[in-house]
1. Out of the residues in the range 73-105 that are assigned to a helix (DSSP H, G or I) and within 20 Å of residue 363 (Cβ to Cβ), which is nearest to the ligand (Cβ to nearest atom)?
2. Look at residue 56 and say whether it is away from the ligand (no atom under 16 Å from the Cβ), free of Cβ contacts under 8 Å to residues at least 24 places away in the same chain and surrounded by 15 or more Cβ atoms within 10 Å (Cβ to Cβ).
3. With the checklist (1) away from the ligand (no atom under 16 Å from the Cβ); (2) farther than 25 Å from residue 429 by Cα; (3) surrounded by 24 or more Cβ atoms within 10 Å (Cβ to Cβ) in hand, flag the one item residue 291 doesn't pass.
4. Pick from 142, 176, 129, 121: which is surrounded by fewer than 21 Cβ atoms within 10 Å (Cβ to Cβ) and either within 30 Å of residue 307 (Cα to Cα) or modelled with pLDDT under 95 (or both)?
Ligand SMILES: [Zn+2]
């Protein structure tokens, strides 16, 4: 709360109260980077259609500015330009402004560590938080606090005896060889003030720093409070690690049939279409904290006079699109909308609030016309036929892979929404980082 503005409002509660707090106070900045993993315009449209009767994605519509960003990246093996990226290289681009190789975390293409927004925010004494619905060691959050050759090097065991072909190069990053250790170990040693998400399976492994203790015990040794449910924030420790699931957090919504998308089959000259279904609350979600609840916890926890940087990710828009579960993606986009509404409420009383909402890469889902049973031409992909709350039907096509639960990312541009951040009509993903860095370093 801006104390000086309160006095000013008390004295002059007329129109003069609209004068900016920035004239009187050095509070903030409050920087929010919201990432919808795999949230391209097609995913946004599907969620907007679903929630249309309930007001739609109202918070997205309240953002000040809108752009589209081109995704850039290189192949991990040969280093050549690639036009379809993954969360590791794109989150690294968002976090650090470099274009790098797929699968790499916080590294330049030559495998050198690169400074992230989180490190810059810390060096400017801002509070820091990373909040995600995935494992805390997953690629997007990891790119903001860790450095690794490969995104799969999540836990210490992956750098010791559970080596695979992809994690073998991570051995060079092990603490025993003078590296910074697994991604989970780096979360403990170098992470933000607040880490909220999933991934206990990586934190209950034995530490590289001291193989006699787990990473959870290492967290306690490093003055970190480890919590498994959201209570009132306490400050008995200097940092908080909140882990609410063994793996990724369960999604809020799912389909009431399996598989949620299927091929159209030909029989006797007719098309046999997959069944129409409705979205239901996911019974596995239960007591899982919502993304907005974790964000509220962070707002309550961080010292607002200090200013802060928060990276908030709705991770499973992507993961559910890989599984062709349209309802799963819709519900997770709904979580992002709900969280953005909360942040815009915060912004209404905190003038120094700056928000970017974007995606790391695009994904497979496309809205197509529903198909007649006697249509001569049909989609070769798998389709989901979802009944919307207004009883209309939407048909979503997935056609980038014929493997079970392995739909692919795509190379479309991703949306960028700005609040108090001016955006050009079109940009490259690497251009987002300098906008946020400038806010951090220019603030007194
Ligand atoms: Zn993905």
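1. 87
2. So residue 56 fits the description; yes.
3. (2) is the only condition that residue 291 fails.
4. Result: 176 is the single residue among 142, 176, 129, 121 that is surrounded by fewer than 21 Cβ atoms within 10 Å (Cβ to Cβ) and either within 30 Å of residue 307 (Cα to Cα) or modelled with pLDDT under 95 (or both).
Yes/no matrix, rows are residues, columns are (1) free of Cβ contacts under 8 Å to residues at least 40 places away in the same chain; (2) surrounded by fewer than 19 Cβ atoms within 10 Å (Cβ to Cβ); (3) over 23 Å from residue 42 (Cα atoms):
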| position | (1), (2), (3) |
| --- | --- |
| 352 | no, no, yes |
| 363 | no, no, no |
| 426 | no, yes, no |
| 436 | no, no, yes |
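The values are calculated or read from the model by the stated rules, or taken from the named source; none is laboratory data. Remember, it's a predicted structure, so these values are computed and weren't measured experimentally. Glycine gets a Cβ as well: all are built from the backbone with ideal geometry, and neighbour counts include every protein chain shown.
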